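So the structure is just underneath, and the comments pick up after that.
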Amino acid sequence: MNIWNVVAGGTGLLAIAVIGSFLLPRHIHVERQATLTAAPEVILELATSNKGYQRFNPYVSSDPDLKIRPFGPDEGIGSGFKFEGREGKGQQIVAAITKNSVRYDIDLGSMGNPKQTITAKAEPNGTHVIWSMDADLGMNPIARVFGLFMDGMVGPTLERGLSNLDTAT
């Protein structure tokens, strides 16, 4: 077997893999839902403040050595915190607030800039809460492959956050 045939075959497989990764979704959405007993106003009040968010932050409960440094106002748009722990470092800021939701912009450096939203709406048997994460994976073929696993990687964290939120209210 000629070494050049092996190299050409390997290069061809690599090219197919890279081109194939661009067929994978660029945008990902992960979401979890729960019905909580607290009123929507109580949930959203916690979600819009630094101190309130830390009461249900899913990473705090999974990483006891997580470092949190608040910045900006104590609550509302611009309220945020920097974090550093075993799962990474970055910052999260309250970027938008509506009657039923809070959106966070997250900066993970080279890992991307996902957005998370907590939506809370009253229902007859409690408050329906949706915690979601959206990310644009761009043109990075490796990120697009990882995108296939995001639901399994991020979903349990959102579930833990909803459980923490239920306990915190």
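The values are calculated or read from the model by the stated rules, or taken from the named source; none is laboratory data. Only a predicted model underlies this, so the values are computations on that prediction, with no experimental measurement involved. A quick note on method: Cβ atoms are made from the backbone with ideal geometry, for glycine too, and the neighbour counts reach across all protein chains shown. Please note that ligands, DNA and RNA were not included when accessible areas were found on the heavy atoms of the full protein model with its side chains. Shrake-Rupley method; radii C 1.70, N 1.55, O 1.52, S 1.80 Å.
Right, D74: touching a Ser or Thr at 6+ places or on another chain (Cβ under 9 Å) and not hydroxyl-bearing (S, T, Y) or not?
It is true that D74 is touching a Ser or Thr at 6+ places or on another chain (Cβ under 9 Å) and not hydroxyl-bearing (S, T, Y).
Conditions: (1) surrounded by 14 or more Cβ atoms within 10 Å (Cβ to Cβ); (2) part of a strand (DSSP E or B); (3) of a type in the set (D, E, K, R). E45 meets all but one. Number of the miss?
(2)
Looking only at residues in the stretch 136-157 that are in a helix (DSSP H, G or I), open to solvent by 30 Å² or more (accessible area, probe 1.4 Å) and not hydrophobic (A, V, I, L, M, F, W, C), which one is nearest to A34 (Cα to Cα)?
Going through the qualifying residues, I end up with P156.
Go through the stretch 112-131 and give me each residue that's within 26 Å of F146 (Cα to Cα) and either over 15 Å from the mean Cα position of the chain (by Cα) or exposed (fewer than 15 other Cβ atoms within 10 Å of the Cβ) (or both).
Hit for the stretch 112-131 is N113, nothing else.
Would you pick out the residues in the stretch 85-99 that are touching a helix residue (DSSP H, G or I) at 6+ places or on another chain (Cβ under 7 Å) and either more than 15 Å from N113 (Cβ to Cβ) or open to solvent by 70 Å² or more (accessible area, probe 1.4 Å) (or both)?
G85, E87
Within the bounds of the stretch 83-94, is there any residue that is at negative phi, touching a residue at least 40 places away in the same chain (Cβ under 8 Å) and in a helix (DSSP H, G or I)?
No - not one qualifying residue is present in the stretch 83-94.
Looking at the stretch 122-147, I want the residues that are within 25 Å of Y53 (Cβ to Cβ) and have a partner that is surrounded by fewer than 14 Cβ atoms within 10 Å (Cβ to Cβ) with Cβ atoms under 6 Å, at least 6 apart or on another chain. Which pairs are those?
Cβ pairs passing all conditions: G126/T35; G126/T37; H128/T35; H128/K121; I130/Q33; D134/H29; D136/H27.
Among residues belonging to the stretch 82-104 that are over 15 Å from the mean Cα position of the chain (by Cα) and hydrophobic (A, V, I, L, M, F, W, C), point out the one that is nearest to E41 (Cα to Cα).
I97
Only one of these conditions is not met by S163: (1) at pLDDT 95 or above; (2) of a type outside the set (D, E); (3) in contact with a helix residue (DSSP H, G or I) (Cβ under 7 Å, 6 or more places away or on another chain); (4) surrounded by 14 or more Cβ atoms within 10 Å (Cβ to Cβ). Which number is it?
Checking S163 against (1) at pLDDT 95 or above; (2) of a type outside the set (D, E); (3) in contact with a helix residue (DSSP H, G or I) (Cβ under 7 Å, 6 or more places away or on another chain); (4) surrounded by 14 or more Cβ atoms within 10 Å (Cβ to Cβ), the one that fails is (3).
Please state which of the following conditions D107 fails to meet, knowing it meets all the rest: (1) open to solvent by 60 Å² or more (accessible area, probe 1.4 Å); (2) within 20 Å of I43 (Cα to Cα); (3) of a type outside the set (F, W, Y); (4) modelled with pLDDT of 95 or more.
Evaluating D107 over (1) open to solvent by 60 Å² or more (accessible area, probe 1.4 Å); (2) within 20 Å of I43 (Cα to Cα); (3) of a type outside the set (F, W, Y); (4) modelled with pLDDT of 95 or more leaves (2) as the failure.
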